[in-house]
């Protein structure tokens, strides 16, 4: 325990609080996507493409059958003599002569000389001859060279978050690896000598660190890589050294972010680089901060120890940087719905309120709970952000609810 | 190459096609969630909870300060003598006597005898005394024992897909591991002797397998675990043996699913177990099948080789089984929007149409492209399912678009 006395002025709270909108702008201005790296295309699901993909080949590279049936010359009249078979990867060897047909399976190369496919359902094969009706139509059921993808065409553009089918297409055109944006590396520093690590049983006045497992899951959701979770002693030098040596793109410091006696992180960031924001006009989450460090370039977020404050400060600010560094949209990745308030929602002009809510019978019910009450975010369906310029919102007003659950079902 | 001749009746296509709605019902009836397994709570993000979580402790376990300030007896009048400090994890040792106050930080235990917190912002400390106004209010800024989570209360219910904040709460209440549903293990068997593996360059009449990388990404999205991707020779015995020995909850066979000469998978499944569905009243995706195998219980999906057919047969049917086995909703995990058609959408009564679409100026434009054209699903914003009972839909009709992109931004 430090014997340093409380200094009056440091207990007076924040002199000035930054507006949420200003901090979002600051993060957007000072956070550019990281560089690119090459990965095997089959491992690139969900990654953000960093290059143009131009197809080096035609797909298909040969005219092929779109249906099972018979390859014919459309000008010929049935019956035709069946002279062979074409299978995928096993072409008919010769050239189709007048009066002849070749059995063909979907995906097989069209024999030279053939210009139409008659579907199996419209044909009857008997004694080496095939009859069919109606007449064959030139080009019918044939996939032309380059019909699916033309050689030289752009198939995917930078910024694309790769879908499952994109991986299929990359395989089909023979692109073995792709340039994607690097994933931001995030270091989590946890301060608070009273904290036990997750998995421990809370005991006496010692409580368990709930922020780091929550943050790790949020970072993974946002495309970041958690480098590690480190518990740092509540001493200025220890906090400063942990921040200084953190080799990451983003440093999250959980706890010790305010203006009290043991809130070392703000001063440490200010000494090591630039403490751009300290104190935010929002509730909860006010005792949060944003800093920038050099050599190497890193952005540091000071997150309050209270878990609800930590969650909302992460989602609004730190998560935004993680998402932007990785080339994603900075917006929070929550689905939103617009629904009316079931009751008035108390707020104050000059600050953003992060209000946990339940949706009951299509109406939005605010949950009253303190910033330490993580259970409220477990029980809630989502949250509403009340803009800084609004006072209490009246019952019935439609509000945008950010839904905590990722799955739309 | 097999020398077996085409058998006329086998080229006639499917005698009967199952309705999509019937297949969905069949999958729902015959697919129950897998058993549970225990995992460390910190690793359980996104997993589906298989048990009730009842809190074994009160949170907080001791009355604590919700603000930085001074712990006082509310009945006392200022000024009060400052007799010590309480920090998180470092309680004030004695009992607070009348006329005294203790400096306290957010999260610190309330000293015995104190019943209110005066916020630092409302207090002035000078010469060992603290003055404040307004008067202290009993209970103010104190988090009571069990106020956030009461011991014995249910905090999470079975079926819950765990959120980041749920992991925080589990840590806070000292629950080190949780029972979650097992993730379905999925084997991918790829048939088609003409196929090269992903990473290869297409050459001559040999094309690259685009289905397996797409399927692997879809399975991961749906919470399944890909056990492996195996290329199987286009011989009946090889296909049969690969299916028989696949030790997985779900077996996906890509290609060879139709009624042609080299379509071995349906007969293999029928021999090994029950071929419950073969041929589906949908476009594309008609040549698909569903089977059930025993010892051990497995569900097998026969997916067409054409990649668009493969994608939609996976999403509608195989993915449904993967999702349900893992305890998720069977519904496709796509966000949907309701928007009007920009042009008529051709369809036929009696089959479901899976139509790739673009959204242009808030209107839905169908993309005309064959089942082999995976690029169409790359260029598309999503797809529309035209119900079996509908014929061509008129321009202007609002249709539900399933959006391919997971991120709402």
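Rule-based calculations on the coordinates, nothing more; no lab input. Fair warning: this is a prediction, and the values are worked out from it, not measured in the lab. When we count neighbours, we look across all protein chains shown, and the Cβ atoms used for this are built from the backbone with ideal geometry, even at glycine.
Given C-alpha coordinates of chain A, what is the ratio Rg to Rh with the Kirkwood estimate of Rh?
With Rh from the inverse mean 1/r over Cα pairs, Rg/Rh is 1.22.
Between residue A:14 and residue A:93, what is the label-to-label distance in nm when each label sits 7 Å out along the Cα-to-Cβ direction?
The two pseudo-label positions are separated by 8.1 nm.
Output, in nm with one decimal and in ascending order, the distances from the residue B:241 label point to the matching label points of the other copies (7 Å from Cα along Cα-to-Cβ).
Those label-point separations list as 6.3 nm.
Can you compute the helix-only [θ] at 222 nm over chain A? Use -39500 (n - 2.57) per DSSP H run of at least 4 residues, normalise by all residues, nearest 500 deg cm²/dmol.
One gets -4500 deg cm²/dmol as the mean residue ellipticity at 222 nm.
So if we plug the beta-carbon distance of residue B:51 and residue A:397 into 1/(1 + (r/R0)^6) with R0 = 41 Å, what FRET efficiency do we get, rounded to 0.05?
0.55
Treating the angle as unsigned and between 0 and 90°, give the value, to the nearest 10°, between the Cα long axis of helix B:236-245 and the longest Cα principal axis of chain B.
20 degrees
Based on the Cβ-Cβ distance of residue A:43 and residue A:389, what FRET efficiency does E = 1/(1 + (r/R0)^6) give at R0 = 41 Å, to the nearest 0.05?
0.35
Place the label 7 angstrom along Cα→C-beta at residue B:40 and in each other copy, then list the distances from the first to the rest in nm, shortest first.
2.7
Would you mind getting the Kirkwood hydrodynamic radius of the range B:325-373 from its Cα pairs, rounded to one decimal in Å?
Evaluated over the range B:325-373, this radius sits at 13.4 Å.
By average Cβ neighbour count within 10 Å, what is the ranking of A:389-397, A:284-292, B:345-353 from highest down?
A:284-292, B:345-353, A:389-397
Taking a label point 7 Å from Cα toward Cβ, how far is residue B:56 from its twins in the other copies, in nm, shortest first?
Ordered by distance, the counterparts are at 5.7 nm.
Name the most mobile residue of B:170, B:49, B:80, meaning the one with the largest mean-square fluctuation, in a Gaussian network model of chain B with Cα contacts below 10 Å.
Judging by the Gaussian network model, the answer is B:80.
Give the average, rounded to an integer, of partner chain Cβ atoms located within 10 angstrom of each Cβ in B:127-137.
Counting other chains' Cβ atoms within 10 Å and averaging over B:127-137 gives 0.
Got a sec? How would A:203, B:258 order by Cβ neighbour count within 10 Å, fewest to most?
A:203, B:258
Would you kindly calculate the mean projected area, averaged across all directions, of the convex hull enclosing the Cα atoms of the range A:259-409, in square nanometres?
Result: a mean projected hull area of 10.0 nm².
Among B:14-20, B:224-230, how do they line up from the highest to the lowest mean number of other beta-carbon atoms within 10 Å?
Output ranking for B:14-20, B:224-230: B:224-230, B:14-20.
If you wrap a convex hull around the C-alpha atoms of the range A:238-292 and split its volume per residue, what is the figure in Å³?
Value for the range A:238-292: 79 Å³ per residue.
Give me Rg/Rg_expected for the range B:142-267, where Rg uses Cα atoms only and Rg_expected = 2.2 N^0.38 Å with N residues.
So the Cα radius of gyration is 1.66 times the expected 2.2 N^0.38 Å.
Shape of the range B:64-143 from its Cα gyration tensor (a ≥ b ≥ c, root eigenvalues): rounded if a/c is under 1.5, otherwise prolate when a/b > b/c, or oblate?
rounded
Which whole number gives the average, over all residues in A:318-330, of C-beta atoms from other chains lying within 10 Å of the residue C-beta?
So the per-residue partner count for this stretch is 1.
Go ahead and set up a Gaussian network model of chain B, Cα springs under 10 Å, then flag whichever of B:362, B:35, B:223 fluctuates most.
Largest GNM mean-square fluctuation: B:362.
Once you've got the GNM for chain A with C-alpha springs shorter than 10 Å, pick whichever of A:314, A:334, A:231 has the biggest mean-square fluctuation.
Result for chain A, Cα springs under 10 Å: A:334 fluctuates most.
With no solvent and one point on each alpha carbon, what is the Debye value of log10 I(q)/I(0) for the protein assembly as shown at q = 0.04, 0.06, 0.08 Å⁻¹?
-0.23, -0.48, -0.76
Jot down the radius of gyration and Dmax of the range B:356-409, Cα atoms only, both in angstrom.
11.7, 34
Averaged over B:82-88, how many beta carbons belonging to a partner chain fall within 10 Å of each residue's beta carbon?
The shielding value for this peptide is 5.
Could you let me know the centre-to-centre spacing of the range B:153-201 and the range A:39-53, using Cα atoms, in angstrom?
Cα centres, the range B:153-201 to the range A:39-53: 23 Å.
What is the minimum Cβ-to-axis distance for chain A, in whole Å, where the axis maps A onto B, and to which residue does it belong?
A:335, 3
Name the residues of the range B:261-276 whose amide N is less than 13 Å from a point 7 angstrom out from the Cα of residue B:237 along the C-beta direction?
Once the point is set 7 Å along Cα→Cβ of residue B:237, nothing inside the range B:261-276 turns out to lie under 13 Å by backbone N.
Using a basic spin-label model with each label point 7 Å from the Cα along Cα→Cβ, how many nm lie between residue B:346 and residue B:131?
Rounded to a tenth, the inter-label distance reads 8.9 nm.
Quick check: pseudo-label points 7 Å beyond the Cα along Cα→Cβ at residue B:247 and residue B:201, how many nm apart are they?
4.0 nm
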